[in-house]
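Novice: This is the structure, below, for whatever I ask next.
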Amino acid sequence: MPTPTLVLLDTSALLTHFLDEPGADIVEGHLALGPDHARVAAPTVAELERRLADLLRDEAERDGILHQYCHQLCSVVAIDQAAAEASIRLRRQCRERLPMVDALIAGCALLHGFVLVHRDDHLASIPKATLRQVLLPSRGITRRQ
């Protein structure tokens, strides 16, 4: 059996899973393989906390969910100078504006050879020959209550 390709889950992928939106099953498959397979870039921790604050009033609940995704289900990958330089290369190749945090996350995936799993059109504008990606389905109306 071949070794699964390591993935870097973007914030949009984690939210897809948390909200049980289309593509949650794809993210679940990666999370089920554990933190040696599923990774998140350090900026995703901050982005996810910000989005959870918009969705959940209870701080303890948010902290628990953040810990589950970013420490139990996934391992966190630091952003260093090499990842920042990879993000610069990606931004120069992108035909659309690539926000800085997303560029850093994508640069981290590129640097480490991870497949980037996301649901963002601006990340999808990175040439496929440059960065391996899984683009999750567009957001639906199904939400976990």
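Novice: Is it the case that ALA13 is surrounded by 24 or more Cβ atoms within 10 Å (Cβ to Cβ) and free of Cβ contacts under 8 Å to residues at least 40 places away in the same chain?
Specialist: Details: surrounded by 24 or more Cβ atoms within 10 Å (Cβ to Cβ): yes; free of Cβ contacts under 8 Å to residues at least 40 places away in the same chain: no.
Taking the combined requirement at face value, the residue does not satisfy it.
Novice: Residue check, GLN93 against (1) within 24 Å of ARG139 (Cβ to Cβ); (2) at pLDDT below 95, all met but one. Which one?
Specialist: (1)
Novice: Now a separate question. Restricting attention to segment 125-139, does a residue exist that is over 26 Å from ALA32 (Cβ atoms) and exposed (fewer than 13 other Cβ atoms within 10 Å of the Cβ)?
Specialist: Here is the first cut: in segment 125-139, the residues over 26 Å from ALA32 (Cβ atoms) are 125-127, 129-130.
Those left that are additionally exposed (fewer than 13 other Cβ atoms within 10 Å of the Cβ): 127, 129.
Within segment 125-139 (the criterion being over 26 Å from ALA32 (Cβ atoms) and exposed (fewer than 13 other Cβ atoms within 10 Å of the Cβ)), the answer is yes, since at least one residue qualifies.
Novice: Return the only residue of GLY107, GLY113 being under 20 Å from LEU48 (Cα atoms) and out of contact with any Pro (no Cβ under 8 Å at 6 or more places or on another chain). Can you show your working first?
Specialist: Numbers: GLY113 fails: under 20 Å from LEU48 (Cα atoms).
Criteria check complete, one pass: GLY107.
Novice: Assess whether ARG139 counts as being under 16 Å from THR11 (Cβ atoms), out of contact with any helix residue (DSSP H, G or I) (no Cβ under 7 Å at 6 or more places or on another chain) and outside any helix (DSSP H, G or I).
Specialist: Values: under 16 Å from THR11 (Cβ atoms): yes; out of contact with any helix residue (DSSP H, G or I) (no Cβ under 7 Å at 6 or more places or on another chain): yes; outside any helix (DSSP H, G or I): yes.
The answer is yes for ARG139.
Novice: Exactly one condition in (1) at pLDDT 95 or above; (2) in a helix (DSSP H, G or I); (3) closer than 12 Å to ASP10 by Cβ is false for HIS122; which is it?
Specialist: Of everything listed in (1) at pLDDT 95 or above; (2) in a helix (DSSP H, G or I); (3) closer than 12 Å to ASP10 by Cβ, HIS122 misses just condition (1).
Novice: Now for a separate question. Quick test of your reading of the structure: LEU98 fulfils all but one of (1) surrounded by 19 or more Cβ atoms within 10 Å (Cβ to Cβ); (2) touching a Lys or Arg at 6+ places or on another chain (Cβ under 8 Å); (3) assigned to a helix (DSSP H, G or I). Name the failing condition by number.
Specialist: Among (1) surrounded by 19 or more Cβ atoms within 10 Å (Cβ to Cβ); (2) touching a Lys or Arg at 6+ places or on another chain (Cβ under 8 Å); (3) assigned to a helix (DSSP H, G or I), LEU98 violates only (3).
Novice: Can I ask one more? Report, ordered by the first and then the second residue, all pairs with beta carbons closer than 7 Å, sequence separation of six or more or different chains, a first member in segment 22-44 that is at positive phi, and a second member that is among the hydrophobic types (A, V, I, L, M, F, W, C) and modelled with pLDDT of 95 or more.
Specialist: GLY23/LEU136
Yes/no matrix, rows are residues, columns are (1) in contact with a His (Cβ under 7 Å, 6 or more places away or on another chain); (2) without any contact (Cβ under 8 Å) to a residue 12 or more places away in the chain; (3) surrounded by fewer than 18 Cβ atoms within 10 Å (Cβ to Cβ); (4) hydrophobic (A, V, I, L, M, F, W, C):
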| position | (1), (2), (3), (4) |
| --- | --- |
| ASP54 | no, yes, yes, no |
| VAL76 | no, no, yes, yes |
| ILE79 | no, no, no, yes |
| ALA103 | no, no, no, yes |
| LEU110 | no, no, no, yes |
| PHE114 | no, no, no, yes |
| VAL117 | yes, no, no, yes |
| HIS122 | no, no, yes, no |
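For every residue, the table says whether it meets (1) within 11 Å of the chain's Cα centre (by Cα); (2) more than 20 Å from LEU123 (Cα to Cα); (3) not basic (Lys, Arg).
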site: THR11; (1), (2), (3): yes, no, yes
site: THR16; (1), (2), (3): yes, no, yes
site: GLU49; (1), (2), (3): no, yes, yes
site: ARG57; (1), (2), (3): no, yes, no
site: ALA78; (1), (2), (3): no, no, yes
site: GLU85; (1), (2), (3): no, no, yes
site: CYS94; (1), (2), (3): no, no, yes
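The values are calculated or read from the model by the stated rules, or taken from the named source; none is laboratory data. Owing to the predicted nature of the structure, the values given are computational and were not obtained by experimental measurement. So basically every Cβ, Gly included, is an ideal-geometry build from the backbone, and we count neighbours across all protein chains shown.
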